[in-house]
DNA sequence: CATGAATGAGCTTTCATTCAT
DNA sequence: CATGAATGAAAGCTCATTCAT
């Protein structure tokens, strides 16, 4: 979560730029990496393409990163920053679980749609790279636990099917939403946004048996 | 669909072995490919590793395949054959939708568990290779349509939530199951088989509002 | 010159076929070689292409030939046979040197035109292969000597420019004709047959200062 | 025609060196290519032999060239530069056609003799490579047209045989000279320089019927 | 810090040649 | 004699990484 840790957990310990020039170069490389990764995919992306796109010499890459994996990690950091801030639509005060679920699904699918190339890329890398699949796994568990809490709260209030295992259900329903986002916005099976949100919402509600 | 067509849809057109020795070599190569792919992943797998594992000369690879993609396609064919036959548990006569859904989910998750390395591999390749992601997309749509039919039938019988879009719902629920299979048997988030089947079943039933 | 020597002057000494089947296979190989050589050129021609074109197994090639060079030599033999026999238009009795030269040029250019692909091939191989360039060199000298005799005869009869060196002149005028044949029928610089013959004839006559 | 364009007319577009070291390496490669091509011929020349002869790593070849054809083109450029400058013996003012022809033949044959290995190489490549044979064809036509002009001028002045087709004659006489150069300096049929020049000169004069 | 040319390990691919059936 | 699959030497080519300037 701390961006300053992104680059110095590997062997030769590349620099964190201090000069203004250094900062600019590093940012240019990350921006170029995003471009190249989105265009060519992680596997096909070559480091020289990234430096070329960044308009710097190929050797300059190694001033900041040790390899493709490392710049990808830096890109992930940056994107997370981006996605966190504007995203923070405050939903404090909202207590209707249906409205909460709708808002969460809506936000998620919208963000996915907006960043579909990037999401495809992350999916791809998670399939290829141990480190990133582990990261993804951890997030899934953390997210699942948070939602499990919500579900068990509803169950305690008599507001959700008590037969469901909260954690597994949370995982499953989240998996459904994220996979549908992939299917529609990456695999391009054409389904309109409202129909998509409406259907996943209704499946959540029905599945949980939330009393309307 | 015809396995014999698996290797001759590319340019230089490699041979289909006629001699006994040829058949043995080709099979050895496919078996070795499976081994190497499962161990190293599609991207890291080297053709030389495959020939080495098969105990044949490097050049022999090209007697039967043009490249990694082609031997992977052959492997997919073989595995499909394998997975089709034992799968053929006849469910004719079964008319209870809950029993049908349970059986389908149970079979699918069991097969996924048994072949988890392979399924991880297929997932990986679908992320990397245009051709295989297209294949996968087509199957998803076909499968979705079949299940959509089942859902709309239930709706007509007054046996399922009429508000749900049958196709999108079918897609979403299937996505949920397959993704959960991945999460549990590839990403190894530890969830017991019965709990998994039970939960996804119940989500299906609740989501569709199938009268018990 | 003796065709029976064509195949047994190399190391492993391939067979001269005795059975009818053997003769047919060898002939099929040579015919196929001609086809493939003319189509792909000597360098690009692969032995497997020749056997494929001949409709025989790749291994059968080595029953009769050791390598590409050897089958090419055999092809040269065959073609020479072909070109010698029907070609033998008798010009005995003809004593007018102009008529003789015209007939020779006409015959040569016509044959070249008819077999232009083959001639291009021979030219190509002479550029690449020591053995064949040596053969070609010997022929040029022999041919030059024959024509030199004709020229010196004419000079003695006071019928040709006495200043010319007979051998060099013979070589030069023949070179001119054969090179023009190449330029027109291989390089495809478009010049009509009669204009070509007429011009080279007139250059011969003028050059030699043959009294008309 | 512009030497700086020699290397960037192909697909992946290799670099034109900026640093001193880069220039040295590229030149070393071209010099090594000349050496290897002359020694082994175009077909047998291996890229690794060129890099070895240049004393650079095999990969360095691809910094400047995409393949054998491209470095050969670069070599042709360089040699043309070389051959152009010393060649620039001004013959302005000279108006005697016999003197002009003698000078041209003399220069050509001398240059050919000096660079015989290279000329053999060019001849060889023209036989093998479409691109270079086309180049050669174009030059032959352009050169033929220029000489055709000279011949028709002479004809108009009543100074040459009016029966001759200027273009075909020009082509034929040039073909004769260049082929004789090949025969003597590549195929090594031993003819002294003065005898060679004298004979081809006289054939030109006689053929054209230039009044002495 | 930036540059960009040099490096060479590592992989792919071809195809002449062999040889068991 | 014919077959055709197997062999493996020999090239080609890429690209991450280094390092002198």
Original post:
If the chain between residue A:16 and residue A:39 were fully stretched, how many nm would it gain, using 0.36 nm times the residue separation less the Cα-Cα distance?
Top reply: 5.6 nm
**OP:** Take the rotation relating chain A to chain C, measure from its axis to every Cβ in chain A, and name the nearest residue with the distance in whole Å.
**Re:** A:44, 16
**OP:** At 7 Å along the Cα-to-beta-carbon direction for both residue A:131 and residue A:163, put a label point, then send me their distance in nm to one decimal.
**Re:** 4.6
**OP:** Could you pull the copy-to-copy label distances for residue A:22, with points set 7 Å along Cα to Cβ, in nm to one decimal and sorted shortest first?
**Re:** 2.7, 6.4, 8.2
Subject >> Between 0 and 90°, nearest 10: helix D:166-185 axis offset from chain D longest Cα axis >> reply: 60
Original post:
Is it possible to state the helix-based mean residue ellipticity at 222 nm for chain B, with each DSSP H run of 4+ residues giving -39500 (n - 2.57), the sum divided by total residues, to the nearest 500 deg cm²/dmol? What is it?
Top reply: -23500 deg cm²/dmol
Subject >> Distribution of pairwise C-alpha distances over the range C:37-181, 10 Å bins, in % >> reply: 9, 32, 30, 17, 8, 3, 0
**OP:** Please identify, among B:135, B:154, B:118, the residue showing maximal mean-square fluctuation in a Gaussian network model of chain B using a 10 angstrom Cα cutoff.
**Re:** B:135
Original post:
the range B:35-66 to the range C:22-49: how many Å between their Cα centroids?
Top reply: 34
Original post:
Where does helix A:20-44 land angle-wise versus the long Cα axis of chain A, in degrees 0 to 90, nearest 10?
Top reply: 60
**OP:** Quick one: angle between helix C:193-208 and the longest Cα principal axis of chain C, in degrees between 0 and 90, rounded to 10, please.
**Re:** 50
Original post:
How high is the relative contact order of the range D:3-77, in percent, counting Cα pairs under 8 Å that sit 6 or more residues apart?
Top reply: 43
**OP:** Over the alpha-carbon set of the range A:3-79, work out the extent along each principal axis and list the three values in angstrom, largest first.
**Re:** 30, 22, 22
Subject >> Label distances, nm, residue B:52 versus same residue in remaining copies, Cβ-directed 7 Å point >> reply: 2.6, 3.1, 3.1
Subject >> Sequence of C:106, A:179, B:39 once ranked by neighbouring C-beta atoms within 10 Å, starting from the fewest >> reply: B:39, C:106, A:179
Subject >> Copy-to-copy label separations for residue D:159, where each label sits 7 Å from Cα toward Cβ, in nm and ascending >> reply: 3.4, 10.8, 11.2
**OP:** Would you mind getting me the FRET efficiency between residue A:66 and residue D:107? Use the beta-carbon distance for r and R0 = 51 Å, nearest 0.05.
**Re:** 0.25
Original post:
In whole Å, how far is the Cα centre of the range A:99-174 from that of the range D:175-212?
Top reply: 89
Subject >> Relative contact order of chain A, defined on C-alpha pairs under 8 angstrom at six or more residues apart (%) >> reply: 19
Subject >> Sorted by Cβ neighbour density within 10 Å, fewest at the top, the residues C:176, B:83, B:150 >> reply: B:83, B:150, C:176
Subject >> chain A: most fluctuating residue of A:77, A:194, A:69 per GNM, C-alpha cutoff 10 Å >> reply: A:194
Original post:
Which value, in nm² and rounded to one decimal, describes the direction-averaged projected area of the C-alpha convex hull of the protein assembly as shown?
Top reply: 52.0
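Where a number appears in this text, it was derived from the coordinates with a stated rule and is not lab data. Because the structure is a prediction, the values reported are computed rather than measured. Heads up, the Cβs are rebuilt from the backbone with ideal geometry, glycines too, and the neighbour counts pull from every protein chain shown.
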